[in-house]
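The values are calculated or read from the model by the stated rules, or taken from the named source; none is laboratory data. Everything quoted here is computed from the prediction, not taken from an experiment. Reconstructed Cβ throughout: ideal geometry from the backbone, glycine too, with neighbour counts over all protein chains shown.
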Amino acid sequence: MRRTTVLVFFLLLAAIAASSCKLGALANDQPTAQPAPAAPVVVDGMRTSYADVVDRTSIAVVRIEAEHKEKAPQGNMQLPFGDDFFKQFPQQQQPQRPQVQRGAGSGVIVKADGTILTNNHVVSGAEKITVLMSDNKSFDAKIVGTDEPSDLAVIKIEGENLPFLNLGDSDQVRVGDIVLAIGNPLGIGQTVTAGIISAKGRRTGLSDGSFEDFLQTDAPINRGNSGGALVNLNSELIGINSQILSPGGAQGGNIGIGFSIPSNMAKSVLEQLVTDGKVRRGMLGINIQNISDEIAQSLDLKERSGVLVSNVKAGSAAEKAGLKRNDVIVAINGEKIEDSNVLRNKVAGTKPGTQIKISILREGAASEVTATLDEFEIAGTKIDGQTPGGSNDSQKDQGGKLGLGLQPVTPQLSKQLGLDSTEGLAVTEVDPNGPAAAAGIQRGDVVLEINRKAVASVEDVRAAIDAGAGRPILLLVSRRGQTVYVPVKPT
């Protein structure tokens with residue numbers, strides 16, 4: 001019995017030893033600790049990260065440094081001696097070294113050969129342009145072409161198989177879509193911000209303003225982001241960041257109102273600048289404006305749809321097609337037009353020489369005309385905005401019902417205002433508390449018509465006001481070569 005007990009004890013020890021060896025072997029076979037896997041991009045149908053989009057897009061967004069050389073102002077050195085001291089010596093001016101001004105912005109590589117889209121205001125007038133990639137490699141760049149009306153420019157660096165972004169279809173973008181803004185704000189390095197599309201078809205007038213069709217976003221954009229990318233979650237370039245609206249003006253910060261040039265407009269400009277070095281746009285030769293309730297009432301329109309023609313340029317494509325002042329354009333090539341900016345951009349986006357069909361309302365009757373587009377040219381001269389000097393010869397309208405001082409346009413006044421004729425009445429005074437001022441009438445404006453009838457004297461104005469019997473009257477106003485209808489309710 002004792003011998004049996006001893007045997008069992010040794011067998012138990014052997015079993016324990018064997019188990020320990022096995023456990024030790026298992027422990028030695030275990031792999032070393034690995035880092036935790038990345039957080040899932042989507043959890044329960046909700047996106048938790050944009051890192052995959054950033055990885056695919058940020059490498060194609062670059063920093064642009066533009067150098068501008070300006071001569072320092074020439075002047076005499078000021079020393080603590082009287083003028084007589086210098087009369088005995090020939091006066092010499094110290095040579096001034098040119099001042100180098102450096103501006104920074106952003107750009108987007110859109111072709112593997114190094115073609116880059118950016119803003120015109122980032123590179124315009126630059127004598128040297130340097131492009132810095134996300135990996136800090138730098139390249140000298142040359143300007144392929146610039147387009148001031150759209151504030152776009154194309155530059156080029158020498159490279160092959162460079163990362164680039166595909167241009168998406170900005171027409172398919174919806175208000176509420178999530179977007180990322182990528183650029184180099186305030187010189188701190190590449191930065192990514194997120195937001196949504198807040199609005200489409202915005203016109204700010206902050207730049208040249210000729211052709212604006214901005215995407216508005218609340219993705220934070222600051223100085224230095226100009227020319228950077230606005231991308232969707234498919235990693236497509238849908239906009240070139242261009243402007244911000246800020247109480248502090250050009251030096252202000254982001255308040256959640258930023259504007260990007262849509263990719264479809266950028267694509268058209270890109271293709272033309274690369275191919276021809278310039279952008280060609282169609283032109284009708286008309287002044288247009290949106291229709292307000294007051295204008296619709298004054299023109300006896302049944303509804304506000306369409307765009308009002310306020311002037312037709314002599315010899316233009318519009319005049320040759322038969323368009324007239326007071327016509328309402330409701331469609332182009334069958335596509336409904338509700339906004340003057342949409343019409344302007346649609347015509348400008350069509351090549352000169354193209355025929356377009358224009359659906360109009362004239363005196364309440366629908367008709368259609370065909371126009372062959374002219375080519376848009378940037379005006380070579382601008383009116384300086386000077387207003388008539390004195391108001392001694394002006395006459396105020398009856399009882400101050402409009403709050404205006406008016407006088408007939410003389411040849412001298414016509415030249416001063418940059419007018420083509422002596423038609424109408426020049427505005428020489430504006431009562432800041434009157435109805436005309438509230439409607440936006442300014443000194444230097446010329447009133448051509450009231451309620452679609454030409455006016456040549458203050459008596460014509462009085463008669464038009466009396467005939468209106470207190471209802472709003474419709475002024476056709478010329479300002480710096482542009483004409484616009486302005487509804488005013490006399491007091």
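Return the residue satisfying two criteria in turn: it lies in region 446-491 and is over 19 Å from Gly405 (Cβ atoms) and polar (S, T, N, Q), and of such residues it is nearest to the chain's Cα centre (by Cα).
By that ranking, first place goes to Gln482.
Report the residue count in region 193-214 for those that are within 30 Å of Glu377 (Cβ to Cβ) and modelled with pLDDT of 95 or more.
So the first thing to find is which residues in region 193-214 are within 30 Å of Glu377 (Cβ to Cβ), and the list is 200-214.
In the following step, the residues that additionally are modelled with pLDDT of 95 or more were identified as none.
So the count comes out to 0.
Please tell me if Phe164 is touching a residue at least 40 places away in the same chain (Cβ under 8 Å), closer than 21 Å to Gly224 by Cα and over 22 Å from the mean Cα position of the chain (by Cα). Steps first, answer last, please.
On the way: touching a residue at least 40 places away in the same chain (Cβ under 8 Å): yes; closer than 21 Å to Gly224 by Cα: yes; over 22 Å from the mean Cα position of the chain (by Cα): yes.
So Phe164 fits the description; yes.
Among Leu233, Leu237, Leu270, Leu245, which is the only one that is over 30 Å from Asp55 (Cβ atoms) and either of a type in the set (Ser, Thr, Tyr) or in contact (Cβ under 8 Å) with a residue 40 or more places away in the chain (or both)? So that I can check it myself, show each step before the final result.
Working: Leu233 fails: over 30 Å from Asp55 (Cβ atoms); Leu237 fails: over 30 Å from Asp55 (Cβ atoms); Leu270 fails: over 30 Å from Asp55 (Cβ atoms).
Going through Leu233, Leu237, Leu270, Leu245 in turn, just one is over 30 Å from Asp55 (Cβ atoms) and either of a type in the set (Ser, Thr, Tyr) or in contact (Cβ under 8 Å) with a residue 40 or more places away in the chain (or both): Leu245.
Return the total of residues in region 288-336 being part of a helix (DSSP H, G or I) and touching a residue at least 24 places away in the same chain (Cβ under 8 Å).
From region 288-336, those part of a helix (DSSP H, G or I) are 293-298, 317-321; that's our starting set.
Filter once more, keeping what is touching a residue at least 24 places away in the same chain (Cβ under 8 Å): 294-295, 297-298, 317-321.
Total meeting the criteria: 9.
Only one residue in Val100, Val110, Val179 is at pLDDT below 95 and either over 20 Å from the mean Cα position of the chain (by Cα) or under 13 Å from Ala229 (Cα atoms) (or both), so which one is that?
Numbers: Val110 fails: at pLDDT below 95; Val179 fails: at pLDDT below 95.
From the options Val100, Val110, Val179, the qualifying one is Val100.
Among what's in region 476-491 and is of a type in the set (A, V, I, L, M) and over 18 Å from Thr422 (Cβ atoms), pick the residue that is surrounded by the fewest Cβ atoms within 10 Å (Cβ to Cβ).
Kept after step one, since they are of a type in the set (A, V, I, L, M), are these residues of region 476-491: 476-477, 484, 486, 488.
Those still in the list that are over 18 Å from Thr422 (Cβ atoms) too: 484, 486, 488.
Working: Val484: 17, Val486: 21, Val488: 26.
Selected residue: Val484.
Please go through region 144-159 and give me each residue that is surrounded by fewer than 18 Cβ atoms within 10 Å (Cβ to Cβ) and either closer than 14 Å to Asn120 by Cα or under 27 Å from the mean Cα position of the chain (by Cα) (or both), ordered by number.
Within region 144-159, Val144, Glu148 meet the criteria.
Of all residues in region 160-185, which are surrounded by 13 or more Cβ atoms within 10 Å (Cβ to Cβ) and either aromatic (Phe, Trp, Tyr) or part of a helix (DSSP H, G or I) (or both)?
Residues satisfying the conditions are Phe164, Ser170, Pro185.
If you scan region 300-310, which residues turn out to be surrounded by fewer than 20 Cβ atoms within 10 Å (Cβ to Cβ) and at negative phi? First the steps, then the outcome.
Here is the first cut: in region 300-310, the residues surrounded by fewer than 20 Cβ atoms within 10 Å (Cβ to Cβ) are 300-305.
Of everything in region 300-310, those that are surrounded by fewer than 20 Cβ atoms within 10 Å (Cβ to Cβ) and at negative phi turn out to be Leu301, Lys302, Glu303, Arg304, Ser305.
Considering each of Gln407, Gln398 in turn, give the residue that is modelled with pLDDT under 50 and not β-branched (Val, Ile, Thr).
The match here is Gln398.
Within region 430-468, which residues are part of a loop (DSSP other than H, G, I, E, B), surrounded by fewer than 16 Cβ atoms within 10 Å (Cβ to Cβ), modelled with pLDDT of 85 or more and at negative phi?
Within region 430-468, Gln442 is the sole residue that qualifies.
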